[in-house]
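Engineer: Please see the structure below; I have some questions.
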Amino acid sequence: LLSMFVISGCTERAKDLEQVSANKRIVIRFSHVVAESTPKGLAAKRFAYLVHQRTGGRVEVQVYPNSTLYKDGEEFKALTENNVQMIAPATAKLTDIFPQWQIFDLPFLFENYAEVHNAMDGEVGQKLFDVLEEKNVKGLAMWDNGFKQMSANQPLHTVEDFRGLSFRIMPSKMLARQFQRLGANVKELPFSEVYRALQWGEVNGAENPLSNFYTKKFHQVQSDVTISNHGYLGYAVMTNKTFWNSLPEDIRKIIKDTLEEVTMWERKEAQRQNQQFLTRLENTKDITIHHLTQQEKLQWKAALYPLRQEFTPEIGEELLESIIRE
Ligand code: LMR
């Protein structure tokens with residue numbers, strides 16, 4: 001429906017652009033690495049459409065999905081150099097520069113979405129946005145993907161099942177230690193290379209929310225998924241601070257208000273998709289879905305709990321206390 005709107009809005013848009021060409025059209029390039037149909041992909045398009053409409057065509061948000069403009073590892077640098085004006089990477093991808101952001105990778109930190117959103121929208125989110133300013137980056141919103149599930153070519157029930165396997169991870173020390181504590185090896189890979197790595201057995205498994213898993217067809221190259229909800233994957237929507245400060249006040253307000261609205265929509269969509277893809281995967285012939293028993297979950301939690309202590313110096317006691325309070 002949204003793309004119909006976008007298409008039918010094209011002539012109007014051309015007219016708008018003519019009108020504003022004299023008034024300096026503002027172009028925002030928004031780069032991301034996932035499929036267009038994912039919660040992040042759809043939210044980026046929705047944001048682009050609404051901002052275009054609400055600024056009377058003055059602002060054009062150009063969305064580049066699927067790593068077509070920048071891959072993981074390139075996006076953040078491109079943002080700081082203002083080659084792209086908005087990105088929304090998984091929080092794990094900020095952790096090499098800002099170790100505090102590893103807090104979101106702590107296994108079994110959140111029991112449910114309400115807890116995630118309390119942290120994102122409260123003191124913790126604010127503190128994490130503050131550290132971005134060191135690199136001249138401004139945090140604008142936090143989006144969901146959802147809870148991560150483990151996959152491999154064998155069932156993963158107990159901690160012993162991980163022994164000797166290798167898993168793809170995003171670049172985060174916490175995620176590396178998570179798998180090491182489960183007895184597995186890790187390989188850091190950009191999202192765009194995960195399918196091939198699974199296909200060729202370069203790694204044996206991965207952790208993903210189901211919308212990423214399904215839309216990238218990982219079920220073609222993995223035989224088993226364990227619904228573990230062991231970790232959370234969310235996004236930091238960010239812009240270049242110099243660029244942001246250069247925007248007229250009224251435009252900044254439209255962008256902020258629109259993002260707030262789109263954030264609420266995106267979070268609902270993320271939950272809807274993860275639920276929908278669970279049902280689809282349960283009905284997919286070549287993949288088996290496993291659910292952890294209470295006892296198995298406790299065993300995973302016990303193996304991973306020491307990470308809180310281990311990462312306290314990097315994350316900071318204050319931030320950890322805030323998240324637990326929230
Ligand atoms: C990943 O690399 O697994 C995710 O960060 C992809 C994404 O942006 O959801």
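Engineer: So how do 117-129, 40-52, 309-321 stack up, highest first, on mean other-Cβ count within 10 Å?
Structural biologist: Highest to lowest by the protection proxy: 40-52, 117-129, 309-321.
Engineer: Right, here's the next one. Among ILE26, ILE103, which comes first, second and so on when ranked by fewest other beta-carbon atoms within 10 Å?
Structural biologist: Neighbour counts put them in this order, fewest first: ILE26, ILE103.
Engineer: Taking K and R as +1 and D and E as -1, what net charge do the other residues with C-beta under 13 Å from the C-beta of GLN276 add up to?
Structural biologist: Residues close to GLN276 contribute a combined charge of +1.
Engineer: Report Rg (one decimal) and Dmax (nearest whole number) for the chain, counting Cα atoms only, units Å.
Structural biologist: 20.2, 66
Engineer: Restrict the search to region 27-111; then list the GluC sites (Glu not before Pro) that DSSP places in a loop and that have at most 15 other Cβ atoms within 10 Å of their Cβ.
Structural biologist: Within region 27-111, the qualifying GluC sites (Glu not before Pro) (loop, at most 15 other Cβ atoms within 10 Å) are GLU36, GLU81, GLU111.
Engineer: If you don't mind, another one. Taking θ = phi - 60°, what integer Hz values does the Karplus form 6.51 cos²θ - 1.76 cosθ + 1.60 yield along region 310-326, in sequence order, with x for Gly and Pro?
Structural biologist: For region 310-326, the Karplus-derived couplings read 4, 9, 4, x, 7, 7, x, 4, 5, 5, 5, 5, 4, 5, 5, 4, 6 Hz, x marking Gly and Pro.
Engineer: Taking the Cα centre as origin and putting +1 on Lys and Arg beta-carbons and -1 on Asp and Glu beta-carbons, what dipole magnitude results for the chain, to the nearest 20 debye?
Structural biologist: Values: 39 positive and 42 negative charges, 164 e Å.
Rounded to the nearest 20 debye, it is 780 debye.
Engineer: A further question follows. Which of the residue pairs LYS138/LYS253; LYS71/LYS127; LYS40/LYS256; LYS93/LYS241; LYS173/LYS217 have a Cα-Cα distance greater than 21 Å in the structure shown?
Structural biologist: Exceeds cut-off: LYS71/LYS127; LYS173/LYS217.
Engineer: If you wrap a convex hull around the Cα atoms of region 195-326, how much volume per residue is inside, in Å³?
Structural biologist: It comes to 195 Å³ per residue, whole-number rounded.
Engineer: Working from the pairwise distances between different alpha carbons, so that the mean of 1/r is found and then inverted, what is region 248-326's Kirkwood radius in Å?
Structural biologist: Values: mean 1/r = 0.0576 Å⁻¹.
For region 248-326, inverting the mean 1/r across all distinct Cα pairs yields 17.3 Å.
Engineer: Loop-only check: which trypsin sites (Lys or Arg not before Pro) in region 251-303 are DSSP coil with at most 12 other Cβ within 10 angstrom?
Structural biologist: LYS285
Engineer: Could you name the aspartates and glutamates whose alpha carbon sits less than 16 Å from that of LYS77, not counting residues in the same chain fewer than 8 places away?
Structural biologist: Cα-Cα hits under 16 Å: ASP96, GLU133, GLU134.
Throughout, read-outs are computed from the coordinates displayed, never taken from laboratory work. Since the model is a prediction, treat every value here as computed from it, not as a measurement. As a convention, Cβ positions derive from the backbone with ideal geometry for all residues, glycine included, and neighbour counts pool all protein chains shown.
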